[in-house]
Amino acid sequence: MNQIKRIGITGLAGFIGTHLKDRLFREKEIEVLPFEDSFFDNPDAFIDFAKKADVIVHLAGVNRDQPEVIYRKNIELMEKLLHYVDVSGNKSYILFSSSTQIERDNEYGRGKKKAMELLQQWSQKNNTVAVSMVVPNVFGDGGRPFYNSVVATFCYQVTHGQEPKIDKDGRMTMIYINDLVEDIYRLIQSPPDGYQVEHIKPRVQVQVSEILALLNKFKDSYYGSGMVPAIKSSFERDLYNTFITYMDTADWERHLKRNTDERGSFVEVFKLENGGQVSFSTTRPGITRGNHYHVRKNEKFCVVSGQASIKLRRIGTNKVIEFKVSGETPSWVEMPIYYTHNITNIGESELVTLFWINEHFNPDDPDTFFEKV
């Protein structure tokens, strides 16, 4: 049985800390130690924490305050950490979250750079393992608007009726929070020899105006047409997933229009910008729907409840193809072009059928031609 590795995370309740904790909780051989920011001013609590930790990931820091406070506080947090670890007698493996801001002339960057120097000196003096991670801009769910990142700020603004403003349309190197915590986990599992500076690789470079344009597109789709936007890259996927988490939770529900007649009902569920449309119907026992064909639309039927007979016939021929399907053994059935098709409820209960079609319904150009199977 492998030994449990105990991980301490300063800044545990923060943006990165929360995600790292959630990631590490999935590992059976890792225990995440409790930590509170108040430990920095409670020597006994911090020393007890340090005694137990095989690894300490130092994420606690300040990036919004008066410049001199930001500089002094980030150095002070490192000094306290190293002092408490020394007093504990347990030379933990320390990973420190620095920033690409160390390359810029600002108090935050200078404070982080000085903290890196302190960690290096401590590591070399004590012959212990330590890593300074130089982290690019991080975005993801849980980031604090007006604090953690421009993405968090923009997401909050566009989902709450505010108008974001771009002060400087620079190009940003960015990493999604999930990718960052995977990189940290890899460093936890594979410590270097001695002290090392690890430049965390950004996953995307993007203009600030591009971020805002994408978020406005997501907003228009979600709050307007309800359409699922085309996702063209992993960055757009991650940005869209982040955007959704900043909405008011009431916005996660969308009421749909139910069209009902003597046959049952039909509901359009999702329209995808680059993936067609998903709908469903209910059909009463003995009722047949369809008896039409398409010349450009690709369509699939999936019975999710009840029993049905799906019939198809290539127009101009007499051969009828039949599929008897049931919600008990779900399957989808293809509706090729030029095959007239129908679906009949052959059961005793209501039939529920899911439909996917590769384009949105356009009443002015329906591509639907009626012909009995």
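The values are calculated or read from the model by the stated rules, or taken from the named source; none is laboratory data. Quantities reported herein were computed from a predicted structural model and do not represent experimental measurements. For neighbour counting, all protein chains shown are included, and Cβ atoms are generated from backbone atoms with ideal geometry for every residue, glycine included.
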Residue among Ile16, Ile56 that is crowded, with 21+ Cβ neighbours inside 10 Å, at pLDDT 95 or above and over 22 Å from Gln124 (Cα atoms)
Ile16
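Quick grid of which residues meet (1) more than 25 Å from Val62 (Cβ to Cβ); (2) in the same structural domain as Tyr108 (by TED's automatic domain parsing):
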{"position": "Val135", "(1), (2)": "no, yes"}
{"position": "Asp179", "(1), (2)": "no, yes"}
{"position": "Gly194", "(1), (2)": "yes, yes"}
{"position": "Glu210", "(1), (2)": "yes, no"}
{"position": "Gly224", "(1), (2)": "yes, no"}
Determine whether Ile231 is part of a loop (DSSP other than H, G, I, E, B), under 30 Å from Gly17 (Cβ atoms), touching a Phe, Trp or Tyr at 6+ places or on another chain (Cβ under 7 Å) and of a type outside the set (Lys, Arg).
yes
Just checking, how many residues over the range 64-117 are aromatic (Phe, Trp, Tyr) and either farther than 20 Å from Met174 by Cα or not assigned by TED's automatic domain parsing to the domain that holds Thr173 (or both)?
3
Output the number of the condition that Gly264 fails; it satisfies all remaining conditions of (1) within 30 Å of Asn137 (Cα to Cα); (2) surrounded by 17 or more Cβ atoms within 10 Å (Cβ to Cβ).
(1)
If Asn298 satisfies all but one of (1) loosely packed, with under 13 Cβ neighbours inside 10 Å; (2) under 30 Å from Lys232 (Cβ atoms), what's the number of the condition it fails?
(1)
Sort out which residues of the range 63-85 are under 24 Å from Pro34 (Cβ atoms) and free of Cβ contacts under 8 Å to residues at least 24 places away in the same chain, and write them in order of number.
Glu76, His83
Taking the range 101-158 only, how many residues are among the hydroxyl-bearing types (Ser, Thr, Tyr) and out of contact with any strand residue (DSSP E or B) (no Cβ under 6 Å at 6 or more places or on another chain)?
5
Restricted to the range 13-52 and to residues being touching a strand residue (DSSP E or B) at 6+ places or on another chain (Cβ under 8 Å) and outside any helix (DSSP H, G or I), the residue nearest to Glu76 (Cα to Cα) is Phe35
Within the range 284-333, residues modelled with pLDDT of 95 or more and acidic (Asp, Glu) come out as Glu322
Residue selected from the range 190-237 under the condition under 21 Å from Asp169 (Cα atoms), touching a strand residue (DSSP E or B) at 6+ places or on another chain (Cβ under 7 Å) and not basic (Lys, Arg), by the criterion surrounded by the most Cβ atoms within 10 Å (Cβ to Cβ):
Val204
Could you say which residue among Gln121, Gln101 is at pLDDT below 95 and within 17 Å of Val197 (Cα to Cα)?
Gln101
Which residues, counting only those in the range 258-285, are touching a residue at least 60 places away in the same chain (Cβ under 8 Å) and under 26 Å from Arg313 (Cβ atoms)?
Gly264, Gly276, Gln277, Val278, Ser279, Phe280, Ser281, Thr282, Thr283, Arg284, Pro285
Members of the range 13-40 that are closer than 13 Å to Ala60 by Cα and free of Cβ contacts under 8 Å to residues at least 40 places away in the same chain:
Ala13, Phe35, Glu36, Asp37, Ser38, Phe39
Using the structure shown, decide if Arg171 is of a type in the set (D, E, K, R), touching a strand residue (DSSP E or B) at 6+ places or on another chain (Cβ under 9 Å) and more than 30 Å from Leu118 (Cα to Cα).
yes
